[in-house]
Amino acid sequence: MSSMTKSDCKVPEKINYKEYWNIAYQKTPTEKLGWFEEKSLKTIELIQQTQLPKDASILHVGAGTSTLIDDLIAEGYTNQIANDLSEKSLVDLKNRLGADASKVTFLVDDLTNPTKLDKLAQVDLWNDRAVLHFFLTEAAQKAYFNLVKKLVKPNGFVLIAVFAIDGAEKCCGLPLQRYNETMLAESLGNDFSLITSFKYTFINPFGGERPYVYTLFKRIDV
């Protein structure tokens, strides 16, 4: 991710994150957001690598207005869940999908203090592109990974793509926790096995280089 315009990125001393992200989506068209990808090719490649059936349950956390969901619908996936803290982003996503929105469940909820996500049935795939790195406190990070462990089925998958150790220090004025695959593996624990990981430099809509680390884990069936 990268910064939007300077006026969109003024960070108050005490942040209401729900309001903060709603404003970001209200002010900025999807294709001008710093994290916009016209095609989420690396994510699609990893999803294909799982060989999950087309009716597998896929939870996209921090989905925003991601076009990945459109692309997966086009490929025949019928059981996607789009989560975001920003209600505005999910309304925009739903409107864009039109009739295809019936193939997606929309959940406005906070990953670090869930009231809906924690009541979901277990999913086949947890997909996070560029959300985890916003959680800076140990409590928020623990809540995130506890939710992963609660929601992913045995033999299910976890796909996490976040800013790499040498990635940007901030996004839209917000400080970030950067990761490598070892840090993610340690946070997930021994019940998850790393299938693959790689570095990828994302070029944002403004031409900026943003190093990411992409990881795919599988939950061990015990």
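Label zone (A99, point 7 Å along Cα-to-C-beta; backbone nitrogen cut-off 18 Å) within the range 72-88: 72-79.
Just rank D128, D100, D109, fewest to most, by other beta-carbon atoms within 10 angstrom. If you can, show how the numbers build up before the last one.
Working: D128 23, D100 15, D109 18.
Fewest-to-most Cβ neighbours within 10 Å comes out as D100, D109, D128.
Here the simple spin-label model places points 7 Å from the Cα toward Cβ, and for T67 and E186 these points are separated by 3.8 nm. Packing, as the average of other Cβ atoms within 10 Å across residues, places the peptides 80-90, 187-197 in the order 80-90, 187-197, highest first. Close amide H partners of F157, meaning residues 5 or more places away or on another chain with modelled amide H under 5 Å apart, are L125, W126, R219.
Among 129-137, 110-118, how do they line up from the highest to the lowest mean number of other beta-carbon atoms within 10 Å? Before the final figure, lay out the partial values.
Details: 129-137: 20.1, 110-118: 15.7.
Output ranking for 129-137, 110-118: 129-137, 110-118.
For the range 85-135, what is one quarter of the convex hull surface built on the Cα atoms, given in nm²?
Details: hull surface 17.2 nm².
Seen from a random direction, the Cα hull of the range 85-135 projects 4.3 nm² on average.
Using R₀ = 35 Å, calculate the FRET efficiency as 1/(1 + (r/R₀)^6) where r is the Cβ-Cβ separation of E75 and I15; round to 0.05.
On the way: r = 37 Å, r/R0 = 1.05.
It comes to 0.45.
Any of K42/K153; K27/K103; K88/K119 with alpha carbons more than 25 Å apart? Name them for me. Walk me through the intermediate numbers first.
Details: K42/K153 23 Å; K27/K103 28 Å; K88/K119 22 Å.
Beyond 25 Å: K27/K103.
In this rough spin-label picture, where each label sits 7 Å from Cα along the Cβ direction, the K149-Q122 distance is 1.4 nm.
FYI, it's all coordinate maths here, none of it is from the lab. Computed from a prediction, not measured in an experiment: that's the story for all the values here. Cβ coordinates were reconstructed from backbone atoms using ideal geometry, including for glycine residues, and neighbour counts include every protein chain displayed.
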